[in-house]
Amino acid sequence: MTAVGNHELRVLCGETPEDNRIIRRCLPRAGFDEKFALPCPDDTGSQLGWDGQRLHVSQWYPKKLLMLDDKGKIERTINVPHGICGQVIVDGVYYLATTDDERTIEYWLTRVDPRPATPKIEDLARIPFPARALAFDGKNFWTNHRAQHQIVCFAKPD
């Protein structure tokens, strides 16, 4: 789920028996807009982001970040070196919780700067547990240590 302009939320939902992913619009105090449905590219997506203009979908196993237009069409694809299990956009840069194998505790905070023609991708720090989701409050990152039922806060690395 991510917040977008005009006090709206976008929610990535698995709605079919095959778990095909669809982006829905949710309006506070009104609920889901039944007319709004953007199918995710390749029927897959794990996290949503909003940069103030565009919706961004991450695909965990394909290891991709997708920038979408307002009709859900892909404007840009960025391939990343790890599976994406969390995403947040800070000052036009993606910060990702990533892993190569979700059965391990090998997770990273990965930064992807999409502004150069060839995006700059670097692992900034190791996350010592299986992280899920990623948020930023203007100072710190927040993620979920699902196995321990904990929300974890950590400082933004330089």
### Message
Given the criterion in contact with an Asp or Glu (Cβ under 8 Å, 6 or more places away or on another chain), at pLDDT below 95 and closer than 26 Å to residue 148 by Cβ, identify the matching residue among 102, 106.
### Response
106
### Message
So, in segment 62-87, exactly how many residues are buried (at least 19 other Cβ atoms within 10 Å of the Cβ) and without any contact (Cβ under 8 Å) to a residue 12 or more places away in the chain?
### Response
0
### Message
Taking the conditions exactly as written (in contact (Cβ under 8 Å) with a residue 40 or more places away in the chain, farther than 21 Å from residue 42 by Cβ and open to solvent by 20 Å² or more (accessible area, probe 1.4 Å)), does residue 138 satisfy them or not?
### Response
no
### Matching residues, segment 119-142, being farther than 16 Å from residue 104 by Cβ and of a type in the set (Val, Ile, Thr)
121
### Message
Criterion first (open to solvent by less than 60 Å² (accessible area, probe 1.4 Å), modelled with pLDDT of 95 or more and over 21 Å from residue 63 (Cβ atoms)) does residue 152 satisfy it?
### Response
yes
### Task
Residue by residue through segment 21-58, note down the ones that are open to solvent by 70 Å² or more (accessible area, probe 1.4 Å), part of a strand (DSSP E or B) and farther than 18 Å from residue 134 by Cα.
32, 34, 35, 39
### Query
Being exposed (fewer than 13 other Cβ atoms within 10 Å of the Cβ) and farther than 22 Å from residue 51 by Cβ, is that true of even one residue in segment 1-14?
no
### Task
Output the qualifying pairs, or none if there are none: Cβ atoms under 8 angstrom, residues six or more apart or on different chains, first residue in segment 25-50 and free of Cβ contacts under 8 Å to residues at least 12 places away in the same chain, second residue in a strand (DSSP E or B) and open to solvent by 40 Å² or more (accessible area, probe 1.4 Å).
33/24; 33/25; 33/27
### Query
For segment 101-109, does any single residue satisfy the condition of being within 29 Å of residue 154 (Cα to Cα), aliphatic (A, V, I, L, M), surrounded by 11 or more Cβ atoms within 10 Å (Cβ to Cβ) and under 16 Å from the mean Cα position of the chain (by Cα)?
yes
### Message
Condition first: modelled with pLDDT of 95 or more, among the basic types (Lys, Arg) and over 22 Å from residue 143 (Cα atoms). Can you find one or more residues in segment 51-71 that meet it?
### Response
no
### Message
If residue 134 meets every condition in (1) touching a Gly at 6+ places or on another chain (Cβ under 6 Å); (2) farther than 21 Å from residue 4 by Cβ; (3) not small (Gly, Ala, Ser) apart from one, which number is that one?
### Response
(2)
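The values are calculated or read from the model by the stated rules, or taken from the named source; none is laboratory data. What you are looking at is a predicted structure, and each value in this text was computed from that prediction instead of being measured. Every residue, glycine as well, gets a Cβ built from its backbone with ideal geometry; the counts of neighbours run over all protein chains shown. For the accessible areas, the whole protein counts, side chains as well, though only heavy atoms, and no ligand, DNA or RNA atoms are used. Shrake-Rupley method; radii C 1.70, N 1.55, O 1.52, S 1.80 Å.
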